[in-house]
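Visitor: Sending over a structure as structure tokens; questions will come in a sec.
The values are calculated or read from the model by the stated rules, or taken from the named source; none is laboratory data. As the structure is a computational prediction, the values presented were derived from the model and not from experiment. Using ideal geometry, Cβ is built from the backbone for each residue, glycine included, and neighbour counts are taken over all protein chains shown. Just so you know, the surface numbers come from the protein's heavy atoms only, side chains and all, with ligands and any DNA or RNA stripped out. Shrake-Rupley method; radii C 1.70, N 1.55, O 1.52, S 1.80 Å.
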Amino acid sequence: MYRIVFSDIDGTLLNEQHQMTPLTRQAILDLQPDIPFVIVSARSPSGIYPILKEYQFYCPIIAYSGALILDDKRNIIYEKAMKLNDVKAIIDYIEKQNYDLSWNLYAYDQWFVKDKNDPRIIQEEQIVKASSLEIDLFTCDISCVHKILCICHPQSLEIIERDLKAQFPHCTIMKSSDHLLEIMSEGISKGNAVERLCQLWSIDLKDAIAFGDQYNDLDMLQRVGYGYAMGNAPDEIKKAVERVTDDCNHDGIYKILKQLKFK
């Protein structure tokens, strides 16, 4: 029924406690080695690999929503960084607008922030189990940036998103939750990334299955042959896809894979 499985992390692979259920882990192990399982996330590699280590399995990863793709041995398959002039222009604009947000820059496995003591950064470090580095963007020497993440107040996110899209229309700007805004190079999306990987591995997209729960998962869910929104996804996402898992406890991946396997 399917030849490859793609999965988002937060709210999909992991539950509200940022944990993977035993049944979900078993579903992944049952796939290997015949069917590739690929993590597709807005997270950095350093925010993904601790999950693989904790649950003792290895797989290719699509990081930064597609700006960086690595195989199961951590070799780079594909990458597309932002232009540094764009990065500095965006951060300069954010600073001048005095938005209520905390910005983050990601390059390969590095995570840069303006203020490590910002409570939003501290909380993000706890969630992804990785450490940030405090920098001054305009005086430090950064070779590239794959993604900018803005941690915003939920009430102001849509305004900030609208403003940044108007100012920087050549960048990919999308929300990944009610308080997270992702900014990447033009053309970067989870949908494009899964299509690129399927082409590389000679797998038809109609033979791919994907799981996700947020706005930045939508094009991935609509692009593959079997796209499933999680039961905990916003109603807007569930209405936009044909299939939805029947629970919010994050055993949905296990249940769907088992169901399709025995059809």
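Visitor: Ignoring ligands, DNA and RNA, please state the percent of accessible area on region 7-147 from carbon and sulfur, probe 1.4 Å.
Guide: Values: 3200 of 6750 Å².
For region 7-147, the apolar C and S fraction of the accessible surface comes to 47 percent.
Visitor: When only C-alpha pairs under 8 Å and at least 6 residues apart count, what is the relative contact order of the chain, in percent? Mind dumping the intermediate values first?
Guide: Details: 498 pairs, mean separation 54.6, N = 263.
That works out to 21 percent.
Visitor: To test your reading of the geometry: what angle, between 0 and 90 degrees and rounded to tens, separates the Cα axis of helix 119-128 from the longest principal axis of the chain?
Guide: Taking the Cα atoms of the chain, the angle to 119-128 is about 30 degrees.
Visitor: Rounded to the nearest 10 Å², what accessible area does residue 223 have for a 1.4 Å probe in the complete protein model?
Guide: Answer for residue 223: close to 80 Å² accessible.
Visitor: Another one. Residue 84 to residue 201: extension gain in nm, 0.36 nm per residue of separation minus the Cα-Cα distance?
Guide: Fully extending the segment from residue 84 to residue 201 adds 39.0 nm.
Visitor: With a cut-off of 8 Å between alpha carbons and a minimum separation of six or more residues, what is the relative contact order of region 23-177 in percent? All intermediate terms of the calculation are to be shown ahead of the outcome.
Guide: On the way: 198 pairs, mean separation 31.6, N = 155.
Computed over region 23-177, the figure is 20 percent.
Visitor: Could I ask something else about it? Which of 203, 146, 224 sits farthest toward the positive end of the charge dipole of the chain, with +1 on the Cβ of Lys and Arg and -1 on the Cβ of Asp and Glu?
Guide: 203
Visitor: Rounded, prolate or oblate for region 181-263? Axes are the square roots of the Cα gyration tensor eigenvalues, ordered a ≥ b ≥ c, and the cut-off for rounded is a/c under 1.5. Numbers along the way, then the final one.
Guide: Details: a/c = 2.32, a/b = 1.18, b/c = 1.97.
Oblate, since a/c reaches 1.5 and b/c is not below a/b.
Visitor: I want the antiparallel fraction of DSSP beta bridges within the chain, as a percent rounded to 5.
Guide: Expressed as a percentage, antiparallel bridges in the chain total about 60.
Visitor: Skipping prolines and chain starts, which residues have an amide H placed within reach, meaning under 5 Å, of the one on residue 4, given they are 5 or more residues away or on another chain?
Guide: 209
Visitor: Can you give the Rg to Rh ratio of region 115-201, both from alpha-carbon atoms, with Rh computed by the Kirkwood formula?
Guide: Values: Rg = 15.1 Å, Rh = 15.0 Å.
Looking at region 115-201, the ratio lands at 1.00.
Visitor: Taking a probe of 1.4 angstrom, what is the accessible area of residue 25 in Å², to the nearest 10?
Guide: The value for residue 25 is about 60 Å².
Visitor: Relative to the longest principal Cα axis of the chain, at what angle does helix 154-167 sit, 0 to 90 degrees, rounded to 10?
Guide: Compared with the principal axis, the helix lies near 70 degrees.
Visitor: Sticking with this structure for a sec: Specify the residue with the greatest mean-square fluctuation among 21, 12, 139, computed from a Gaussian network of the chain linking alpha-carbon atoms under 10 Å apart.
Guide: In the Gaussian network model the winner is 139.
Visitor: First check a/c for region 8-48, with a ≥ b ≥ c the square roots of the eigenvalues of its C-alpha gyration tensor; if it is under 1.5, answer rounded, and if not, answer prolate when a/b is larger than b/c or oblate otherwise. Mind showing how you got there, number by number?
Guide: Details: a/c = 2.60, a/b = 1.29, b/c = 2.01.
It comes out oblate by the Cα gyration axes.
Visitor: Would you mind checking 80/239; 165/206; 190/239 for any pair whose Cα atoms are more than 26 angstrom apart? Intermediate values should be presented prior to the final figure.
Guide: Numbers: 80/239 31 Å; 165/206 32 Å; 190/239 19 Å.
The answer is 80/239; 165/206.
Visitor: With an 8 Å cut-off on Cα pairs and a minimum separation of 6 or more residues, tell me the relative contact order of region 173-261 in percent.
Guide: Numbers: 131 pairs, mean separation 18.4, N = 89.
Over region 173-261, the number comes to 21 percent.
Visitor: Using a Gaussian network model on the chain with a 10 Å cutoff between Cα atoms, which of 193, 166, 240 fluctuates the most?
Guide: Looking only at 193, 166, 240, the largest GNM fluctuation is found for 166.
Visitor: List the chymotrypsin sites (Phe, Trp or Tyr not before Pro) within region 87-130 that fall in a DSSP loop (any state other than H, G, I, E or B) and whose Cβ has at most 12 other Cβ atoms within 10 Å. Before the final figure, lay out the partial values.
Guide: On the way: sites: 93, 99, 103, 106, 108, 111, 112; in loops: 99, 108.
Here no loop site has a sparse enough neighbourhood.
Visitor: Using alpha carbons only, how many degrees (0 to 90, rounded to 10) separate the axis of helix 45-55 from the longest principal axis of the chain?
Guide: 40 degrees
Visitor: When all protein chains stay in place, what accessible area (Å², nearest 10, 1.4 Å probe) is found for residue 109?
Guide: 80 Å²
Visitor: Also: Sequence neighbours fewer than 8 away in the same chain don't count; with that in mind, list the lysines whose C-alpha is under 25 Å from residue 116.
Guide: The reachable lysines, counting only those whose Cα sits under 25 Å from residue 116, are 83, 88, 96, 129, 147, 175.
Visitor: Using the Cα gyration tensor of the chain, with a ≥ b ≥ c the square roots of its eigenvalues, what is the shape: rounded (a/c below 1.5), prolate (a/b larger than b/c) or oblate (neither)? Working shown, then result.
Guide: Values: a/c = 1.71, a/b = 1.63, b/c = 1.05.
Taking the square roots of the gyration eigenvalues as a ≥ b ≥ c, the chain is prolate.
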